[in-house]
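Here's the structure, in structure tokens; my notes come after.
The values are calculated or read from the model by the stated rules, or taken from the named source; none is laboratory data. These numbers come from a predicted model, not from an experiment. Glycine also receives a Cβ, built like all others from the backbone with ideal geometry; neighbour counts cover every protein chain displayed. With ligands, DNA and RNA removed, areas are computed over all heavy atoms of the protein, side chains included. Shrake-Rupley method; radii C 1.70, N 1.55, O 1.52, S 1.80 Å.
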Amino acid sequence: MRSRLLLSTKHISLLASTPNRFWPAIAQWSYKSVLLRNTRPILARGFLSSVANNLVPGTRNLSESNSSKSLTLEEQIPNLYIDKLPEGSETTPDGYVTASFYSFFNIESKSLVQLRYDLLSMNTHLDKVSTRYKIGPQDPQFLTLLKAQIEKDPHPYVSFSIPIKKIQIVTGRIYVHELGINAQVSFDKEYVRAFRLMLETIPELANKVPAFNFALANKRAFKKLHVRIRPLVAAGQDLSLDILANEPEYLDPSEWHRQIDNLQHNTLQKQGGIQNDSDTPVLIDMRNIYENKVGKFVGAECPDVDTFREEIDVVKKMYPKDKPIYMYCTGGIRCSVAGAILKSEGYQSVKTLRGGVVAYGQWIKEKDASSTSPVESLYVGLNFTFDKRLGERVTSDVLAHCQQCGQPNDTYTNCANKTCNLLFIQCPSCKTEHLNTCGSKECIDAVTHPHSSKKPTIHSYHERIRPDLVINH
Ligand SMILES: [Zn+2]
Ligand SMILES: [Zn+2]
């Protein structure tokens with residue numbers, strides 16, 4: 001007993017003298033370490049949370065700052081109901097929705113580790129409420145109990161070093177950085193409010209996350225929740241909130257549709273001479289070449305690039321600063337960044353589609369569902385997505401071809417040989433014929449003899465997205 005107390009005191013003084021941003025990592029290490037291994041978990045947990053709440057200067061204490069019994073949940077969390085599940089969206093058997101959101105604002109670098117742990121704790125909070133009270137998200141008490149649970153034990157992920165091995169309710173990819181947050185997440189649609197509540201309860205994110213941008217094809221698009229501290233997009237240059245403050249002009253889908261429709265008509269009329277007039281706006285697809293191969297706005301310029309950073313350079317080289325620019329991307333963040341860079345460098349007119357192709361596709365669907373005022377989509381084909389779905393359909397047009405037989409097809413796949421991992425378009429019959437692989441002898445061998453010890457071929461990113469496959473007619 002005596003030795004444990006001595007060790008604990010040592011730990012406490014160690015933690016108290018360490019900058020805050022290191023303590024979650026240290027706490028997790030201490031819990032796993034030999035020093036505390038023989039301590040009953042409950043004591044270790046109590047010790048760590050007392051360190052968290054009382055001893056380390058500046059560590060937040062959620063229960064003090066947030067709870068106010070006289071206020072309703074909605075008064076405490078004004079954004080609780082801002083997310084509107086899209087009407088007329090596909091309902092899939094698993095009941096999942098996929099949503100994205102991003103926002104630029106300052107997060108102190110010393111808070112990022114803590115923020116990451118808070119986000120990673122979300123599935124544990126949900127699990128604790130449902131196992132303790134045996135209720136689900138439909139229960140009217142669920143949100144209140146969830147909030148109380150978070151206040152009581154804000155850092156369960158830190159306290160329990162062994163993650164709960166259950167299917168996670170919230171999955172996806174969240175990037176946090178000094179310049180804000182960028183996230184693609186998937187969750188059972190019953191948990192929309194719970195997910196929003198958990199975000200709003202994290203001090204750095206309260207009132208900072210705009211309404212979710214819901215995807216067109218709703219299904220569980222990720223296996224697990226990953227939270228990383230890294231730049232929100234790879235722009236290839238240093239960004240700052242000052243640069244990002246030079247916002248492009250955001251057009252909602254209906255206004256974007258109107259202006260692009262006009263642009264396409266005018267460009268058609270001008271064809272045969274003056275369409276390169278510097279006054280004539282240009283419509284640019286800001287995505288990589290493999291993304292716009294399967295879908296794009298009619299008439300868009302699609303620079304032949306592998307990455308977003310190349311795209312920005314190409315646009316700067318191709319167009320003078322007085323050229324009016326319309327640009328779009330998948331969910332909007334790339335254009336928010338590229339638009340701000342161009343504006344900060346003197347481009348006069350940069351307009352972008354708010355919420356990207358995802359929001360436009362959603363608007364088209366709503367128009368179709370209302371049936372009184374359907375509009376013809378100016379975007380054709382698929383919207384490529386960087387998750388298990390590898391795309392969601394906007395219109396039935398098929399723009400691409402199977403890269404093995406040449407038949408019209410737009411289904412992206414990754415070679416089943418994980419070390420090869422080429423990204424290419426494959427029709428169902430080629431999928432069967434080549435055993436889900438790119439068709440190379442090496443990859444067919446690898447999937448038919450998984451334990452053979454041949455040296456794997458590892459492709460560069462450039463090779464991976466532009467595979468040189470033989471077409472057999
Ligand atoms: Zn084929
Ligand atoms: Zn392969």
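Listing for the model above:
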{"quantity": "Residue count for segment 341-358, restricted to those that are part of a helix (DSSP H, G or I), buried (at least 23 other Cβ atoms within 10 Å of the Cβ) and in contact with a helix residue (DSSP H, G or I) (Cβ under 9 Å, 6 or more places away or on another chain)", "calculated": "2"}
{"quantity": "Complete set of residues in segment 317-338 that are farther than 21 Å from Asp304 by Cβ and of a type outside the set (Ser, Thr, Tyr)", "calculated": "Lys321, Asp322, Pro324, Gly331, Gly332, Ile333"}
{"quantity": "Residue among Val170, Val158 that alone is open to solvent by less than 10 Å² (accessible area, probe 1.4 Å), at pLDDT below 95 and in contact with a Pro (Cβ under 7 Å, 6 or more places away or on another chain)", "calculated": "Val158"}
{"quantity": "Condition met for Asn417 (in contact with a strand residue (DSSP E or B) (Cβ under 6 Å, 6 or more places away or on another chain) and near ligand 2 (Cβ under 8 Å from one of its atoms))", "calculated": "no"}
{"quantity": "Any hit, segment 394-406, residues being more than 16 Å from ligand 1 (Cβ to nearest atom), part of a loop (DSSP other than H, G, I, E, B) and in contact with a Leu (Cβ under 8 Å, 6 or more places away or on another chain)", "calculated": "yes"}
{"quantity": "Odd one out for Asp468, checked against (1) touching a residue at least 24 places away in the same chain (Cβ under 8 Å); (2) within 16 Å of ligand 2 (Cβ to nearest atom); (3) open to solvent by 70 Å² or more (accessible area, probe 1.4 Å)", "calculated": "(1)"}
{"quantity": "For Glu190: the one exception among (1) out of contact with any Ser or Thr (no Cβ under 7 Å at 6 or more places or on another chain); (2) more than 16 Å from Ala99 (Cβ to Cβ); (3) not aliphatic (A, V, I, L, M)", "calculated": "(2)"}
{"quantity": "Residues of segment 376-392 that turn out to be modelled with pLDDT under 90 and either over 16 Å from Ile289 (Cα atoms) or in the same structural domain as Val294 (by TED's automatic domain parsing) (or both), as a count", "calculated": "4"}
{"quantity": "For Phe424: the one exception among (1) among the aromatic types (Phe, Trp, Tyr); (2) within 16 Å of Asp285 (Cα to Cα); (3) within 26 Å of the chain's Cα centre (by Cα)", "calculated": "(2)"}
{"quantity": "Test for Gly331: is it at pLDDT below 95 and under 19 Å from the mean Cα position of the chain (by Cα)", "calculated": "yes"}
{"quantity": "Selection count where residues are part of a loop (DSSP other than H, G, I, E, B) and of a type in the set (Phe, Trp, Tyr), scope segment 197-225", "calculated": "2"}
{"quantity": "Lone qualifier among Leu435, Leu423 - being open to solvent by 20 Å² or more (accessible area, probe 1.4 Å), within 16 Å of ligand 1 (Cβ to nearest atom) and touching a helix residue (DSSP H, G or I) at 6+ places or on another chain (Cβ under 7 Å)", "calculated": "Leu435"}
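Here is a yes/no grid of residues against (1) of a type in the set (Phe, Trp, Tyr); (2) open to solvent by less than 50 Å² (accessible area, probe 1.4 Å):
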{"residue": "Leu205", "(1), (2)": "no, yes"}
{"residue": "Phe214", "(1), (2)": "yes, yes"}
{"residue": "Arg228", "(1), (2)": "no, no"}
{"residue": "Ile243", "(1), (2)": "no, yes"}
{"residue": "Asn246", "(1), (2)": "no, no"}
{"residue": "Tyr250", "(1), (2)": "yes, no"}
{"residue": "Ile260", "(1), (2)": "no, yes"}
{"residue": "Leu263", "(1), (2)": "no, yes"}
